[in-house]
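To keep things clear, I will list the structure first and then write my remarks on it.
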Amino acid sequence: MQITVKLSGAFRVGRFKEQVRTYPSGSSIQQVVDSLQLPEQILGIVLINGVHADFTDLLHDGDTLTILPIVDGG
Amino acid sequence: MKFHTTDPAAEPSAVFYKRCTLDLQSGKMTLADLPCRNLEDVLGGFGRSFQDLAQRRITAAYCDENPLIVNTGLLTGSTAMTGMRTYFSGYSPLKGSKAGLPAAIWSTGSGKFGAKFKWTGLDELVFENRSATPVYVVIRQSDSGPQVELKAAEQLLGLSTHEKIMALQKEYPNAHFAAIGPAGENWRTNYMGAVALSTENQLKSGDDKCRFAGRGGMGSLMGYKNVLALVAQADDRLRPVSTAVKQVNIKVVKGGGSGRLQPISRGGGGGTWAAYDVLQAFHAVPVNNFRPQGNALPEKLFRENVEKDYHLQSQACYRCGITCHNYVYEKNADGSAGEFLAKFDYEPLNLLGTNLGIHDAGQAARLIQLSDNYGMDAISLGVTLSYALSYNQRNPQGKILGGVAFGDYDKIRQLIIQAGKGHLPEIGKGSLRLSHQLGETDYAYHVKGLEIAAYQPETNPGYAWAIAGGHMSMATYGLLTREGKSDLDSWVQGITESKLQIVGFDMIGLCKFFDIVNGIGTQMVEECLKSEFELNLSAEAIRAAVHRAFLRGLALELRQGYTRAEYVLPDEVFADPNPNIKLPNIATREFFAELEERVWAVFEPQLTGLLPE
């Protein structure tokens, strides 16, 4: 299935900003995250088609997955 | 502090703290070892100072009865990482109720002053009355205990925060400093004065890398008292780090709480600046006075864009492994660091950058530098300026302040300078007063008279119950964006229980990045207290003390005349919903009305018996 993956902030370093990628049907967000080897300590927010989701949620063909670092201000 | 118990929750009065009360009018000093009244006193910071403020009925911030309380927390100056905090408390010239009474406030910062202060042997310094002439105060360790001395300070008048610190450094080796800037000196017309705290980086490099206790105008109160600076001179008294604290410190550096703030090169997000990238995904980065436009403008101040033209450097506070500071320098032709410009944290960068229509990193940096040098709170300054710019945009026929507009760097720069010099009370007295004066209050982005932080209020109804600054005394600012919570139950629980725990850091002497997710009621803090002082204190007892301290702050607000109608968000949020923010819309009057009812239903029965009769 085709998933549009959008990365933000530090996740873009050495990777990409937005890319259409192919994953096996039934893949979860966690599997996408693992495939991209994102730094775990700043994994924070994941959105499917702009809506907050959990790492265990399954993706569907044509979904847009946005992966954001966790946010804290000061 | 002296401990004659290992169980301070059960026997707080067996713990003593050393206070110096200094009457600035007479010069009289009184040193005393005082027993703690409760665990909040033991933990320190605002947990103690607010109990003392509650004993006074203050009707105007600038009066001799309003004290300025400088204190530390239990773990300030300890081997626990981030234990660097100093607290400044008093009744605020800036934050006040519509009844006209000033609110109690505290403000805090890191830097090494707090640790040095603690190492002099003093835990608290209370300034009473005011000095007839400008003074600075030297606190020294001695064989017979801490000594406090008043010194004439005419030579420091008019100097910037940084210049005052560097001038004093020449005279006082082995010391650290707290100083106000020209804004605090001009307290009559500038209510948002901050206190600058010196850092090791600053003293070694000569660059103006202070930290700031900014919120609520404690620098202006210090200016009213005619105290221009504090000097804490003592040998470093760090004990060897125990195995237990070492383990905790490793968790702090690598744990989920602070890992996100580490430099990108260490797998972190790159300090608080990273909030730009995250919030922009929701079009929730404040633009032009908190009106995000749904476009890419905020991306101009993304790190990836700024580093093309500027040299960036990650640095840390003294002995801190988190390394969350992002210093911005001009970039030399060979890529090396040129002139130091400013430290990019999310709040000042946004509120003196994008939210003023300034999208050039160099210009934003210069404005931050000016705010720091004049010694103003970047949040209050930025939000009051953005209100004025918005007023001009809405009133083309009746513009104020020379017609300054969003993005007009040169004019904005001049306004900051004039406000810093005390020549512009319209800005210096904050957005509440300016908006009332102009008769347009809906888009003045303050809550209870204190300007909000750089999180859209549409995403944070919890602002209404923050007691000392929107994001640092109520950690609900990520509840919608980070956690995706848009249901009432989560918001009620957050405001009345879990997210208020953030104020614990403003008691115990640690920075919030020690463990911003979990607060101080944790095993990590238990272990530090056991190792440092042989105290047996449970996480539950700590959490209960933090909860009481928060409630006391709320009770004190109500005693100072706040009505429930003042626990609201800026009206524009409801009256003109922003369609560009891509998050569930919880900023409706209906949601907020139900939230109010349920939050007060929880808080109200808890508020009795917390203040003196």
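The values are calculated or read from the model by the stated rules, or taken from the named source; none is laboratory data. Small disclaimer: the values here were computed from a predicted structure and weren't measured. Positions of Cβ are backbone-derived with ideal geometry, glycine not excepted, and every protein chain shown enters the neighbour counts.
This table checks each residue for (1) crowded, with 21+ Cβ neighbours inside 10 Å; (2) within 22 Å of the chain's Cα centre (by Cα); (3) more than 7 Å from every other protein chain (Cβ to nearest Cβ).
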position	(1), (2), (3)
B:R237	no, no, yes
B:Q247	no, no, yes
B:S265	no, no, yes
B:G270	yes, yes, no
B:Y276	yes, yes, yes
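Residues that are within 28 Å of B:E532 (Cα to Cα): which strands (runs of 3 or more DSSP E) entirely in region B:68-184 hold 3 or more of them?
The qualifying strands (runs of 3 or more DSSP E) are B:68-72, B:86-96, B:102-109, B:124-128, B:135-140, B:175-179.
Could you list all residues from region B:416-451 that are under 16 Å from B:V404 (Cα atoms) and in a loop (DSSP other than H, G, I, E, B)?
B:L424
Do the conditions hold for B:A468, that is, is it at pLDDT 95 or above, part of a loop (DSSP other than H, G, I, E, B) and among the hydrophobic types (A, V, I, L, M, F, W, C)?
Taking the combined requirement at face value, the residue satisfies it.
Quick one: what pairs do we get from region B:109-121, first residue within 16 Å of B:P173 (Cβ to Cβ) and touching a residue at least 24 places away in the same chain (Cβ under 8 Å), second of a type outside the set (A, V, I, L, M, F, W, C) and assigned to a helix (DSSP H, G or I), C-beta under 7 Å, 6+ apart or different chains?
B:K112/B:E200
Can you list residue pairs whose Cβ atoms sit under 6 Å apart, with the first residue in region B:346-369 being over 14 Å from B:T384 (Cα atoms) and the second being among the charged types (D, E, K, R) and assigned to a helix (DSSP H, G or I)? Count only pairs 6 or more apart in sequence or on different chains.
Hits for this filter: B:H359/B:K300.
Which numbered condition in (1) small (G, A, S); (2) more than 14 Å from chain A (Cβ to nearest Cβ); (3) surrounded by 24 or more Cβ atoms within 10 Å (Cβ to Cβ) is the only one that B:G382 fails?
The single condition B:G382 does not satisfy is (2).
Take region B:484-522 and flag every residue that is polar (S, T, N, Q) and either in contact with a helix residue (DSSP H, G or I) (Cβ under 9 Å, 6 or more places away or on another chain) or away from chain A (no Cβ under 14 Å) (or both).
Hits for region B:484-522 are B:S486, B:Q493, B:T496, B:S498, B:Q501, B:N518, B:T522.
Condition check ((1) within 11 Å of chain B (Cβ to nearest Cβ); (2) within 22 Å of B:T476 (Cβ to Cβ); (3) assigned to a loop (DSSP other than H, G, I, E, B); (4) in contact with a Leu (Cβ under 9 Å, 6 or more places away or on another chain)) across all residues:
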| position | (1), (2), (3), (4) |
| --- | --- |
| A:R15 | no, no, yes, yes |
| A:V20 | no, no, no, no |
| A:P24 | no, no, yes, no |
| A:Q30 | no, no, no, no |
| A:D34 | no, no, no, no |
| A:I45 | yes, yes, no, yes |
| A:G62 | no, no, yes, no |
| A:L68 | yes, yes, no, yes |
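Determine, yes or no, whether B:V306 is within 14 Å of chain A (Cβ to nearest Cβ) and under 13 Å from A:G9 (Cα atoms).
Yes.
Out of (1) crowded, with 19+ Cβ neighbours inside 10 Å; (2) in a loop (DSSP other than H, G, I, E, B); (3) at pLDDT 95 or above, the odd one out for B:E557 is which?
It fails just one condition, (2).
Report, by residue number, each residue of region B:59-83 that is farther than 27 Å from B:T189 by Cα and surrounded by fewer than 24 Cβ atoms within 10 Å (Cβ to Cβ).
B:T79
Taking helices (runs of 4 or more DSSP H) that do not extend beyond region B:226-336, which have at least 1 residues that are of a type in the set (D, E, K, R)?
It comes to B:243-254, B:275-280, B:303-306.
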